[in-house]
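Notes for the one structure printed next.
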């Protein structure tokens, strides 16, 4: 399926998502509007249960909202057939998970090459891109190592490189530093900013760590399903 050129970043317009909770409904997302531009990193703070995970699920076309619209680049991903939504998610979204979620049996290089094979990219072009991305994240010398031979920070770097393999329009990042010490956490979030600007990818990260959030271009906070500007004056 030819989706045409992808332009722009991520846009949510008046998105609502509700869940049933016994006899009541819970507004996981309550009239959320958000725009993340190409090359920009936006961090969303919030306590557990505030709606951060729901925001990522809807932004990444993993879940359809009850109302509102979501755009990945110039493509609408709400109210479209599931097959098209799946293709849009595959081709336009990169995910960086809380844990690196690497396959234990594959080397760092093979983790990235697997993404290329799923996208049916030519083998030689896939290897070239994988090696280039590992060099960008500082792991070219460790391309042949498996996850058990890498540190936690190095595994997250491989995860970032893997998320970039498909040349996504949008990068969605779920608590990427929760298992890292403070300095490694700072390094990972700084790297995300560098890669977002280098590849002009709209990057949305959710985190509970305010010191990490300060490295983003903008910081928002999720409270009871609504996006607000944080009241903490120390945040940018």
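Data table
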read-out: Length-normalised contact order for the range 50-114 - Cα pairs under 8 Å, 6+ apart - percent; value: 22 percent
read-out: Helix 152-164 vs. the chain, principal-axis angle (Cα, 0 to 90°, nearest 10); value: 80 degrees
read-out: Prolate/oblate/rounded label for the range 49-123 (Cα gyration tensor, a/c 1.5); value: oblate
read-out: Ordering of 57-69, 143-155 by packing [mean C-beta count within 10 Å, highest first]; value: 57-69, 143-155
read-out: Theoretical FRET efficiency, 1/(1+(r/R0)^6), r = Cβ-Cβ of residue 190 and residue 105, R0 25 Å, to 0.05; value: 0.25
read-out: Value of relative contact order over the range 58-161, rounded to a whole percent, pairs C-alpha under 8 Å and six or more apart; value: 25 percent
read-out: Pairwise centroid distance, computed over Cα atoms, of the range 82-108 with the range 44-73, Å; value: 17 Å
read-out: Computed over the chain: relative contact order in percent, which uses C-alpha pairs under 8 Å that are six or more apart; value: 30 percent
read-out: Packing-based ranking, highest mean first, of 82-88, 156-162 given that Cβ atoms within 10 Å are counted; value: 156-162, 82-88
read-out: 222 nm mean residue ellipticity, helices alone, for the chain (DSSP H n ≥ 4; -39,500 (n - 2.57); rounded to 500); value: -10000 deg cm²/dmol
read-out: DSSP beta bridge pairing in the chain, given as percent antiparallel to the nearest 5; value: 50 percent
read-out: Three-way shape label, the range 19-86, alpha-carbon gyration tensor, a/c 1.5; value: oblate
read-out: Prolate/oblate/rounded call for the range 1-132, Cα gyration tensor, a/c under 1.5 rounded; value: prolate
read-out: q = 0.08, 0.11, 0.12, 0.18 Å⁻¹, the chain: log10 I(q)/I(0) [Debye, one scatterer per Cα]; value: -0.29, -0.55, -0.66, -1.38
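Every read-out reported here was derived from the displayed coordinates using simple, explicitly stated rules and does not represent laboratory data. Predicted model only: the values in this text are computed from it and were never measured. For neighbour counting, all protein chains shown are included, and Cβ atoms are generated from backbone atoms with ideal geometry for every residue, glycine included.
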